[in-house]
Structures are given as C-alpha cells and as structure tokens.
1. Out of the residues in region 122-133 meeting the condition of being in contact (Cβ under 8 Å) with a residue 12 or more places away in the chain and among the hydrophobic types (A, V, I, L, M, F, W, C), tell me which one is nearest to Leu241 (Cα to Cα).
2. In region 38-58, is there at least one residue being outside any helix (DSSP H, G or I) and at pLDDT 90 or above?
3. Of all the residues that make up region 143-163, how many are under 18 Å from Leu234 (Cα atoms) and either polar (S, T, N, Q) or within 17 Å of the chain's Cα centre (by Cα) (or both)?
4. Being at pLDDT 85 or above, more than 14 Å from Leu136 (Cβ to Cβ) and out of contact with any strand residue (DSSP E or B) (no Cβ under 7 Å at 6 or more places or on another chain) is the requirement here; does Val191 meet it?
5. Considering only residues that are modelled with pLDDT of 95 or more and in contact with a Gly (Cβ under 9 Å, 6 or more places away or on another chain), which ones fall in region 198-233?
6. Please report, ordered by residue number, the helices (runs of 4 or more DSSP H) entirely within region 136-246 with at least 2 residues that are touching a Pro at 6+ places or on another chain (Cβ under 8 Å).
7. So which of Gly144, Gly161 is surrounded by fewer than 20 Cβ atoms within 10 Å (Cβ to Cβ), more than 21 Å from Gly243 (Cβ to Cβ) and of a type in the set (Gly, Ala, Ser)?
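The values are calculated or read from the model by the stated rules, or taken from the named source; none is laboratory data. In this text, all values refer to a predicted model and were calculated from it rather than measured experimentally. Here the Cβ positions follow ideal geometry from the backbone for every residue, glycine too, while neighbour counts run over all protein chains shown.
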Amino acid sequence: MENFQFRNTDLNNIEGATIVNERSLFASVFTWMFVALGITTAFSMLFAFVPELSQYIFRVDEVTGRQTVSIFGWICMLAPIGLVLLMSFAFNKLSFPALISVFFLYAILNGIGFSVLFYVYSLGSIVTVFASTCALFGVMAIAGYTTKTDLTKFGSLLMIGLIGVVIASLINMFMRSDSMSYIISIISVIVFTGLTAYDVQKIKEMAAHNDGSTDAKKIGVMGALTLYLDFINLFLALLRLFGRRD
C-alpha cells in the first residue's frame, strides 16, 4: 500500500492574508505544527496498541480468514484528502476556530490511519526513521530560513516533482511494483526535503506584510499545515526506504 499525504497548500494562492510579524508568525506556525504532530502520534499509538480501539481499524475476512483494513480504517486514511482541500479552498470563508478545528480533525484522522504502520514496520525502525526525519527536517527548515538564495525558481520544479509523485503513487497502488515504490520513495525524499526549505522561506517572506488581523492567525495555521505535510511525507518516504518490516 502506497502511503502519501495529499498536499494542496500553495501559500501563494491564499488571498487577503496578512501577517503580524516574523517572530510571531513562526511561533504560531511551529506551535500548531508540533501540536498537530503530537495529536497524530498520540492517536496512532492509541489505535495501534489499545485492542479496544485497534479492532475498529481491522476486520477479519470471512473467506480467507486474513486480517484486513476495515471501512472505518479506509475512511481515516482517505478522508484527510478532503479536509486538506476544504482548508485550502475555503480558507477565506472559514473562521479561525473552524479552521483550527478542521486542522485538528485532520491530525486525528491521520493518526488513526497511521496506526496501520505499526503492523507493517517494527517499532524500532519507526522510532529511528522518525528521529532521522526530525533531524533532516530541522536542517532544511534552518537552511530555508537563513539562505539568501531565492528558492522561488526551485519551487516550480519541486511542485512538478510533487505532482509526478502523486500520480505515480496512485498508479502504483494498482501495479504494486516494489521497484516503482522504491523509485517513488527516493524522489519523494528529494522533493519534500526541498519543499521544506522552500516553504519556510515563503512563510518568512509573508511575514513582511503585517497588520495583526484575524487572517494572520489563519495563515499561521495554513503554514503549519504546509510544514506538517512536508514532515509527514518525508517521514513516510524515509520509512518506505529504511523501515524494517515485521
């Protein structure tokens, strides 16, 4: 099964957004991002290790007797796509409380869906890859914040690469080719490593416009969603490459 998180959070397309100031914006972005990651981690472990909860994720096939993902499990893995689209396209219509509520619901559903990973990969490899992702993400975030190079020209190439990864992942869900999965994972690592630096620089540029409006709080949430997606997709790609399967 190909694991990837749909990403449609081009910060350039958000109209009328204003930012308070650089320090305040980044504090907001990373606070919401870390809270969301904490929620995702907590729910993934709860549904993986609490039998009363994990029974909702899996069902036993009456014909083969094998354990498969339940309808509820598939909903938790696919519904986040709709929530990302809702946050992206209804940004100007959603109030801040509504936007943050959708973001937290998104993080919860991701956590429930990701509980499946604990049945595929060993706990040790998941922890190791997660720590490696944190380190790589941190380095690229700092690079994006401090670099004087304009990363805009690379942004278009990265988005093209992202579209290619999504299309190839969808195709491979039916082909189930290990070789293609390996290639997709390598490209995904490159794309989301680059997008992390690009998105951090884009958020920094947005901090130049400020008036302290409600939209500033909302754009902080969208920035958190963007970096959350970069982190999650980087983690999933590295896990496919280096995770030890049970």
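1. Among those residues, the one meeting the criterion is Val129.
2. Within region 38-58 (the criterion being outside any helix (DSSP H, G or I) and at pLDDT 90 or above), the answer is yes, since at least one residue qualifies.
3. Adding up the residues that qualify gives 5.
4. no
5. Those that are modelled with pLDDT of 95 or more and in contact with a Gly (Cβ under 9 Å, 6 or more places away or on another chain): none in region 198-233.
6. Because the criterion is at least 2 residues that are touching a Pro at 6+ places or on another chain (Cβ under 8 Å), no helices (runs of 4 or more DSSP H) in region 136-246 meet it.
7. Gly161
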